1. From the list 54, 45, exactly one residue is within 9 Å of the ligand (Cβ to nearest atom) and in a loop (DSSP other than H, G, I, E, B). Which is it?
2. Of all residues being surrounded by 11 or more Cβ atoms within 10 Å (Cβ to Cβ) and part of a loop (DSSP other than H, G, I, E, B) in the stretch 60-77, which is farthest from the ligand (Cβ to nearest atom)? Just the residue, please.
3. Out of everything in the stretch 26-59 that is loosely packed, with under 10 Cβ neighbours inside 10 Å and out of contact with any strand residue (DSSP E or B) (no Cβ under 9 Å at 6 or more places or on another chain), what residue ends up being modelled with the lowest pLDDT?
4. Given the condition touching a helix residue (DSSP H, G or I) at 6+ places or on another chain (Cβ under 7 Å), more than 10 Å from the ligand (Cβ to nearest atom) and modelled with pLDDT under 95, answer yes or no: does some residue in the stretch 3-10 qualify?
5. Are there any pairs, at least 6 apart or on different chains, whose C-beta atoms fall under 6 Å, with the first in the stretch 81-110 and closer than 21 Å to residue 57 by Cβ and the second more than 16 Å from the ligand (Cβ to nearest atom) and not in a loop (DSSP other than H, G, I, E, B), and if so, which?
6. Go through (1) free of Cβ contacts under 8 Å to residues at least 40 places away in the same chain; (2) outside any strand (DSSP E or B); (3) farther than 18 Å from residue 93 by Cα; (4) within 16 Å of the ligand (Cβ to nearest atom) and name the single condition residue 19 misses.
7. For the stretch 78-93, which positions are in a loop (DSSP other than H, G, I, E, B) and more than 9 Å from the ligand (Cβ to nearest atom)?
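The values are calculated or read from the model by the stated rules, or taken from the named source; none is laboratory data. Owing to the predicted nature of the structure, the values given are computational and were not obtained by experimental measurement. Heads up, the Cβs are rebuilt from the backbone with ideal geometry, glycines too, and the neighbour counts pull from every protein chain shown.
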Ligand SMILES: Cc1cc2nc3c(=O)[nH]c(=O)nc-3n(C[C@H](O)[C@H](O)[C@H](O)COP(=O)(O)O)c2cc1C
C-alpha cells in the first residue's frame with residue numbers, strides 16, 4: 001500500500017473541495033492510504049476580509065514572514081511515499097499558513 005500525506009490549508013473550504021475532487025480516484029482505491037494534515041494558524045485569518053485586513057496581509061505574504069501555527073499532528077512513525085502540499089496563491093505568493101509550514105520544517109529558503 002502506498003501512503004500519501006496531504007498537507008493543506010483552507011479558509012473557505014475551496015482548496016479542500018478541489019483536493020477532494022482531485023484525489024477521489026485515490027480515496028476509492030484500497031492501494032492508497034491518504035492522511036490529511038490541516039495547517040492551522042494560531043490566529044485565524046479573517047473571513048470575510050475587510051479591505052484593510054486583506055492588504056495588511058500583503059507584506060508578510062510576499063516576504064514569506066511566518067505566522068505561528070497550531071501544533072502539527074503528524075504521525076512521524078509513518079514513512080510516507082508521497083507528500084502533497086496544497087496551497088493558495090495570495091498576492092501571487094504562497095499563502096502565509098503554508099509558507100509558515102515550510103519555514104517551520106526548513107523545507108526551503110522561505
Ligand atoms: C490575501 C489573499 C490574496 C489572494 N491573492 C490571490 C492571487 O494573487 N491570485 C489568485 O489567483 N488568487 C488569490 N487569492 C484567492 C486565493 O488563492 C483562494 O482562491 C481563496 O482564498 C480561496 O481559498 P480557500 O478558501 O481554500 O482558502 C487571494 C486570497 C487572499 C485571501
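1. Answer to the selection: 45.
2. Of everything passing the filter in the stretch 60-77, 74 is farthest from the ligand (Cβ to nearest atom).
3. Among those that are loosely packed, with under 10 Cβ neighbours inside 10 Å and out of contact with any strand residue (DSSP E or B) (no Cβ under 9 Å at 6 or more places or on another chain), it is 28.
4. no
5. Correct list of pairs: 108/102; 110/102; 110/103.
6. (1)
7. 78, 79, 80, 81
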